Amino acid sequence: MVIGRPRPEPDPSHGSGISVGGSNNAPLQNVVGQNISHVHQSASVQGAIDVESVRELLASFRSEVDRNEATLQHVAALRAMTDTVGGQLGSPAPQGSALGGIAQALPALVAGTVVQQGGEALANAISGLLG
């Protein structure tokens, strides 16, 4: 005695919603079926950054930190870092070791926060300036 209907075999002509290349206009999905959005890519451009570009990113990042200070866990450390970067950029002989340390530490402090993108951009710019 068979209860219910047998399961139909999957149709091999239908894809999984994941495409690598091609002309797929549908939203991409990850393996558990959730839509993937807000994906950011960044590239490191070593040596192609000038001091003014870093100053602009620093000002933008400071504003982000100020706007979001209530939600940031390491706001004092982030402010100290921005003060150090600002001071170093204004000095006639910036200390590469201080700026390099900040470029390395900053991404870890902003990871998973609302200021992640700005912090990573600033860290990449500092690295580019030093490179």
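Accessible area per residue was computed with a 1.4 Å probe on protein heavy atoms; Arg62 scores about 90 Å². The heavy atoms of Asp83 present about 100 square angstrom of accessible area, all protein chains included, probe 1.4 Å.
Taking amide H as placed 1.01 Å from N in the peptide plane, Gly131 has its amide H under 5 Å from the amide H of Gly47, each at least 5 places away in sequence or on another chain.
Net charge near Ala76, counting Lys/Arg +1 and Asp/Glu -1 over other residues with Cβ under 11 Å of its Cβ? The answer is -1. Summing Lys, Arg as +1 and Asp, Glu as -1, what charge do residues with Cβ under 15 Å from the Cβ of Ala125 carry, Ala125 excluded? Every neighbour counted, the sum reads -3.
Can you pull the one-decimal nm distance between simple spin-label points at Ala93 and Ser63, each 7 Å off the Cα toward Cβ? With each label point 7 Å from Cα toward Cβ, the separation is 3.5 nm.
The values are calculated or read from the model by the stated rules, or taken from the named source; none is laboratory data. Being a predicted model, the structure only gives us computed values, none of them experimental. Here Cβ is always computed from backbone atoms with ideal geometry, including for glycine, and neighbour counts include all displayed protein chains. For accessibility, only protein heavy atoms count, side chains too; no ligands or nucleic acids. Shrake-Rupley method; radii C 1.70, N 1.55, O 1.52, S 1.80 Å.
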